[in-house]
Amino acid sequence: MGLDQASSIQDVYPLTPAQQGILFHSLLDRESGVYVCQVTFQLIGELDRDAFRTAWKTLVQQYDVLRTAFAWKNVETPLQVVGTDSEVPIQWIDNMPQVSLSRTQSFAEEDRQRGFDLSAAPLTRIAVIREGEHQHRVIWTYHHLILDGWSLPILMREWILAYKNSKAQIYPPVKPAAPYRDYISWLEERDEESAIDYWRDYLQGFAMPSHLANTARISDSQSLDPDQTEEHQKTVVIQSVKLASETTRKLNEIARRERVTMSTLVQSAWACVLSRYTNRDDVMFGLARSGRPPTLQQIDSRVGMFVNTLPLRIKVRDESKVFPWLRENQAELINQQSREFIPLTKVHGVSEIPSNLALFDSVVVFENYPAIAPPAGMDDLAIRNVQVAEQTNYPLSLYAVASEQIELRLLISPNLLSEEEGSQYLSEMIAVLSRMGDCSPHDCVGTLITPILPFPEHIGDSIDLGSLRRLESLLDEHAQKQPQKVALRFRDETMSYATLVDRSDRFAEILKQSGVKRGQPVGIFVGRSCEMVIALLGIMKSGAHFVPLDPTHPQPRIQAIINESGVNVVITQSKTSSLIDSSNATLIEIDQYDLSKVDIAAACAQKFPQSKQAGSASNPLSDTAYLIYTSGTTGHPKGVPISHASLANLLRSIAVAVHFESRHKLLAVTTLAFDIAILELLMPLSVGGTVVIADEETARDGERIVRILEDLKVDAMQATPATWRMCSAAGLAASLATAGPTASARPFTAICGGEALDIDLAKRLLDTGSQVWNVYGPTETTIWSGALQLSKDVLADGHVPIGGPLANTSFHVLDQQQRPLPIGVDGELWIGGVGLSSGYDKNLEATQQQFVNLSIPVRIDSQDNVTFENRRLYRTGDRVRLRPDGNLEFLGRTDDQIKLRGYRIELGEIETVLQTHRDIEEAVVLVENQGEPNARLVAAIVTSSSPDNSIDNLEEALTKLVRDHLPSYMWPAAYVQLDELPLSPNRKVDRQRTLKHASRALQIRLEQSDNSPSESSEINVLPRTQLEQSLCLIWTELLQIKQVCITDNFFEMGGHSLLLLRAQDLVRERLGYTLPLVDFFRYPTIQSLANHLRDEETHPSASDRTVAIQAGNERLKKMQRQSS
């Protein structure tokens, strides 16, 4: 039936909310087969074809939905049109070559992909394939617009009855079934305003979707991108599993006793799984509601599309008792039944989740409708192997089928989720439901979420702790084996191992003479020089431990560290000693001693005969090697003591990892107050290599660093990303190419750590031909805890992982309840192993907060009994995820997550997107006026040196970049260009100073724009052409607002799928352009859509368009007059 045959129309009425959404998605992607469903089954026995056809004719007469088509063009709202008659197309296939199940499946898939002309009834068809003399396979294809799952067994029973009568030549009068219009009338009588208020309150405070592990990586632009949507709809992977009969029995018993439905048990179990895979205790997913109101007569036997998918929010709190929690979940569902008629688009509209993000990634469907089975008296024709082919418009759909063994079917989009992940979800569901079946009244929800194997514990290689030696002992050995080998080089000065050991021994004796004792903290306030290393070694040889003090730090901080640590001896130089308050500390100026004089050593040897027994029982590995201070969250520095055992383990594991040997040279550029400097100075010495010490000026100058690397043919350097960027800009790549291979024919090794390494810098370092290592670790776990050699393959997905743990180190990605998280799920990194500090010096409270003894699951037996082990772990505060390749990916700090206008925002995610632009060298996103009503995001950028890379030239491109990849609440409100990002003394970006510089630059830019004769911002955003004016008129009519700017986003202003159907009509009617719906997603602003239309070629003549646009402009002028 076509819609142009008015005489054949029986009835016309609106669509239900669910139908509106289905119609929109079907029109959005006509060729994907989305919402085209199929039922296949075998007919065994002699098939009467005439009776088969007659039975379907009877059903068409009986049920109006089988005579229904849809109208959406040139109407205010889409309509469904019921015809007086229609005929189901039946295709008989008697000669399919080489009939097989695979060929039948291919035919069925091709048939599904054909879709339907939604404007012509019926929206169903039949194919019957002859598989043998008395065996046929029926493929029944229909559109979800007219039928839901509950309707299928009803129609099948009626068809079988009609077939039976027809074969017996019995033709009773066809009694029309209850019309679908009754349901439409029932919907029109509902109190929509009250229901909307309920959903607004229900979703209050839920600002981010419950993204599954990998779907969280999908940007909002992809979630709206029809090309992406089409891809995941065309290919769906189905996995299924059945619960054990005993488990199903136990769950049924719980449902009966607690007066909840099996559906509630399944929904609650999925909430537990979702909580685990999102690391959140407040989760939301879609729930397919039957939509069949009990107040509507004969509702259980009605045929049509009643189901509606709406969000279900469940709070998964560990401490909640399981059974009361289940009853609460059931009560909320019952409370929602009278409000289930609201369209999903309207529910989304009153939520806090942005319109360009889906409300949920997963949907649960509980199928408890009657099974398809033939009635009695059908002995001559049996129905076998009934299969319903489900489709999904979501990354994951979970179907639960009620039976003696509950069946779980998982539909996943393979380009969004892997089959392995799907298997994990099903395994977790089985585990949660099994535990639920075994629950006692005292059990809490937390018991349901105990992780199943494999526990993603990441453990580094093992080094025999008994083989570890203190650095002093190793130095003595190198001095004996290669006494003339260069140990240190500073400017033009070189120092051999023999000299270094001799002078550090002598200095140790001087310290002892001054009263320094074993275990005592000694401050070191020495500028970059060979004397700095001698002082470090002398302190360790004396049995004391060093406390680094940086001459570049403010004097109050230096004094605070001295006071906090209890330092009463400070090693200085004559040029720096005046900076230290000597009233509370003894100052020893190392440059005032001539350490080459023999008599000093002889005198000390007589007074301290045991002074050369470094590493002996008197100076064990358990002693503290150094005490270093980190910034505290309160601004008060915290002291971190590190033992010789931790240091020795770190030095050996790094040297082994990066293959650093005695023949190699490393350039040290980091300030001693930053713990990574300890690795630079001591790791080469631990293997008999050479340390080249850069002076203060060189360490801050990229060109000087590059020159040293080239002139001295240095083999390796460790630095922060900021320093590596400085070197890259200074011609690092050309320098390494010029220098050629070293004598060992080994390429240069670049070790990068201290803060996140961005993808652009990582690629640039790889392009130099270097071996690039990304290293990671907090001060509290001894400098570095993990390392990974980078390669193009490792960086293929656009992220820079931090790798796995070093030797005798373990990584644990845990949720908020300190449970291990699965692969791919964001969590907090906890670190265990030899590298852990004993805690914060003189700060028990902070130590107890950060260094925690946890019970970690390590194995599970065949009865699901989990064995736990106690581990002492350090809580890093770093957000990470474990990748399938076994590497960790750093996501930022847990305390870097800010909240702006209700949205949780990870600033590092925005920075990562900005740094993908080819002209951006560095990017930092800051919060201006944080905590104030006018708080906003500001992006501070450093660009490459091209004269075209001004902020005025780049701002439009950067705006488009973030809008293409991030939700609107993560878009920077302003961009500012800086020559360089301010750095802290540790060569990390100083965010506070950067914010000050950025705010000042923004103010200058604003003042300049105020004084310039350029167009005002109002002129820039209001329509400038006839086409833009006409589009603005359409937008204002649809959105019911007075004014639209050409840069406003349709969806952010309240636009949704139904309005797009009207927009499509109005653009065609008024402007003469026929646009597919996908273009409205691709060009969501007036400006972008107008630019696209100007390039569009498939439209009527220019004169027709001019007339349409002029008419639109007249409407716009009239509206403006009315509003003024």
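The values are calculated or read from the model by the stated rules, or taken from the named source; none is laboratory data. Quick caveat, the model's predicted, so the values are computed rather than measured. Here the Cβ positions follow ideal geometry from the backbone for every residue, glycine too, while neighbour counts run over all protein chains shown.
For GLU477, the stated conditions do not hold, so it cannot be described as at pLDDT below 90 and on the phi < 0 side of the Ramachandran plot.
As a summary of the residue check, PHE306 satisfies the conditions (1) surrounded by fewer than 21 Cβ atoms within 10 Å (Cβ to Cβ); (2) in contact with a helix residue (DSSP H, G or I) (Cβ under 7 Å, 6 or more places away or on another chain) except for the one numbered (1). Scanning the stretch 23-59 for residues that are over 24 Å from ASP85 (Cα atoms) and either at pLDDT 95 or above or in a helix (DSSP H, G or I) (or both) gives PHE24, HIS25, SER26, LEU27, LEU28.
Filter the stretch 388-437 down to residues that are within 19 Å of the chain's Cα centre (by Cα), in a helix (DSSP H, G or I) and not aromatic (Phe, Trp, Tyr), then give me how many there are. Full working, then the answer.
Within the stretch 388-437, the first condition is being within 19 Å of the chain's Cα centre (by Cα), and the residues that meet it are 394-396, 412-422, 424-425.
This time we only want the ones that are in a helix (DSSP H, G or I), so: 419-422, 424-425.
Imposing the further condition that a residue be not aromatic (Phe, Trp, Tyr) reduces the set to 419-422, 424.
Here the count works out to 5.
Looking only at residues of the stretch 249-276 that are in contact with a Gly (Cβ under 8 Å, 6 or more places away or on another chain) and not charged (D, E, K, R), we find that the one that is nearest to ILE406 (Cα to Cα) is LEU251.
Any residue at all in the stretch 335-342 that is within 30 Å of PRO179 (Cα to Cα) and in contact with a Lys or Arg (Cβ under 7 Å, 6 or more places away or on another chain)? Checking the stretch 335-342: at least one residue is within 30 Å of PRO179 (Cα to Cα) and in contact with a Lys or Arg (Cβ under 7 Å, 6 or more places away or on another chain).
Considering the stretch 688-723 alone, what residues qualify as being polar (S, T, N, Q) and in contact with a Leu (Cβ under 7 Å, 6 or more places away or on another chain)? Passing the criteria: only GLN718.
Out of LYS485, LYS512, LYS481, LYS517, I need the residue that is touching a strand residue (DSSP E or B) at 6+ places or on another chain (Cβ under 9 Å) and not assigned by TED's automatic domain parsing to the domain that holds ASN649. Which one?
Values: LYS512 fails: touching a strand residue (DSSP E or B) at 6+ places or on another chain (Cβ under 9 Å); LYS481 fails: touching a strand residue (DSSP E or B) at 6+ places or on another chain (Cβ under 9 Å); LYS517 fails: touching a strand residue (DSSP E or B) at 6+ places or on another chain (Cβ under 9 Å).
Step by step, each of LYS485, LYS512, LYS481, LYS517 is checked, and only LYS485 is touching a strand residue (DSSP E or B) at 6+ places or on another chain (Cβ under 9 Å) and not assigned by TED's automatic domain parsing to the domain that holds ASN649.
Picking from residues in the stretch 779-801 that are in contact with an Asp or Glu (Cβ under 7 Å, 6 or more places away or on another chain) and not in a loop (DSSP other than H, G, I, E, B), the one that is surrounded by the fewest Cβ atoms within 10 Å (Cβ to Cβ) is THR779. Look at (1) in contact with a Lys or Arg (Cβ under 7 Å, 6 or more places away or on another chain); (2) at positive phi and you find that THR698 fails only one, number (2).
Among the residues making up the stretch 536-557, those that are farther than 23 Å from LYS638 by Cα and assigned to a helix (DSSP H, G or I) are LEU537, GLY538, LYS541. Of the residues SER728, SER653, the single one that is buried (at least 23 other Cβ atoms within 10 Å of the Cβ), under 27 Å from LEU891 (Cα atoms) and among the hydroxyl-bearing types (Ser, Thr, Tyr) is SER653.
Counting the residues of the stretch 114-168 that are within 30 Å of LYS73 (Cβ to Cβ), among the charged types (D, E, K, R) and not in a loop (DSSP other than H, G, I, E, B) gives 2. Scanning the stretch 513-534 for residues that are more than 51 Å from the chain's Cα centre (by Cα) and over 13 Å from ILE571 (Cα atoms) gives GLN513, GLY515, LYS517.
Scanning the stretch 415-426 for residues that are in contact with a strand residue (DSSP E or B) (Cβ under 8 Å, 6 or more places away or on another chain) and within 26 Å of ASN252 (Cα to Cα) yields GLY422, SER423, TYR425, LEU426.
Restricting to the stretch 817-836, give me the number of residues that are hydrophobic (A, V, I, L, M, F, W, C) and either modelled with pLDDT under 90 or not assigned by TED's automatic domain parsing to the domain that holds ALA807 (or both). If you could, list the steps in order and put the result at the bottom.
Kept after step one, since they are hydrophobic (A, V, I, L, M, F, W, C), are these residues of the stretch 817-836: 821, 823, 825, 829-831, 834, 836.
Subset that is either modelled with pLDDT under 90 or not assigned by TED's automatic domain parsing to the domain that holds ALA807 (or both): 821, 823, 825.
Total satisfying the criteria: 3.
For the stretch 541-578, filtering for residues that are hydrophobic (A, V, I, L, M, F, W, C) and within 45 Å of the chain's Cα centre (by Cα) leaves 7. A single entry from GLU76, GLU87 fulfils the requirement of being surrounded by fewer than 20 Cβ atoms within 10 Å (Cβ to Cβ), outside any helix (DSSP H, G or I) and more than 40 Å from the chain's Cα centre (by Cα): GLU87.
Are any of the residues in the stretch 869-876 farther than 22 Å from GLY754 by Cα and in contact (Cβ under 8 Å) with a residue 24 or more places away in the chain?
Applying the first criterion (farther than 22 Å from GLY754 by Cα) to the stretch 869-876 yields 869-872.
Right, trim to in contact (Cβ under 8 Å) with a residue 24 or more places away in the chain and you get 871-872.
The answer is yes, given that some residue of the stretch 869-876 is farther than 22 Å from GLY754 by Cα and in contact (Cβ under 8 Å) with a residue 24 or more places away in the chain.
Residues in the stretch 776-825 that are at positive phi and under 17 Å from the mean Cα position of the chain (by Cα): 2 in all. Assessment of the stretch 856-869 against the conditions (modelled with pLDDT of 80 or more and under 30 Å from GLY437 (Cβ atoms)) yields at least one matching residue. Restricting attention to the stretch 532-555, the residues that are more than 25 Å from SER622 (Cα to Cα) and surrounded by 23 or more Cβ atoms within 10 Å (Cβ to Cβ) total 0.
Taking the options THR278, THR295, name whichever one is of a type in the set (Ser, Thr, Tyr) and either crowded, with 23+ Cβ neighbours inside 10 Å or in the same structural domain as PRO17 (by TED's automatic domain parsing) (or both).
Values: THR295 fails: either crowded, with 23+ Cβ neighbours inside 10 Å or in the same structural domain as PRO17 (by TED's automatic domain parsing) (or both).
THR278 is the lone residue from the list that is of a type in the set (Ser, Thr, Tyr) and either crowded, with 23+ Cβ neighbours inside 10 Å or in the same structural domain as PRO17 (by TED's automatic domain parsing) (or both).
Residue count for the stretch 962-981 under the criterion of being within 29 Å of the chain's Cα centre (by Cα) and either of a type in the set (Ser, Thr, Tyr) or at pLDDT 85 or above (or both): the result is 7.
Count of the stretch 879-892 residues, restricted to those that are surrounded by 21 or more Cβ atoms within 10 Å (Cβ to Cβ) and in contact (Cβ under 8 Å) with a residue 60 or more places away in the chain, is 6.
Within the stretch 131-150, at least one residue is surrounded by 17 or more Cβ atoms within 10 Å (Cβ to Cβ), modelled with pLDDT under 95 and of a type in the set (Phe, Trp, Tyr).
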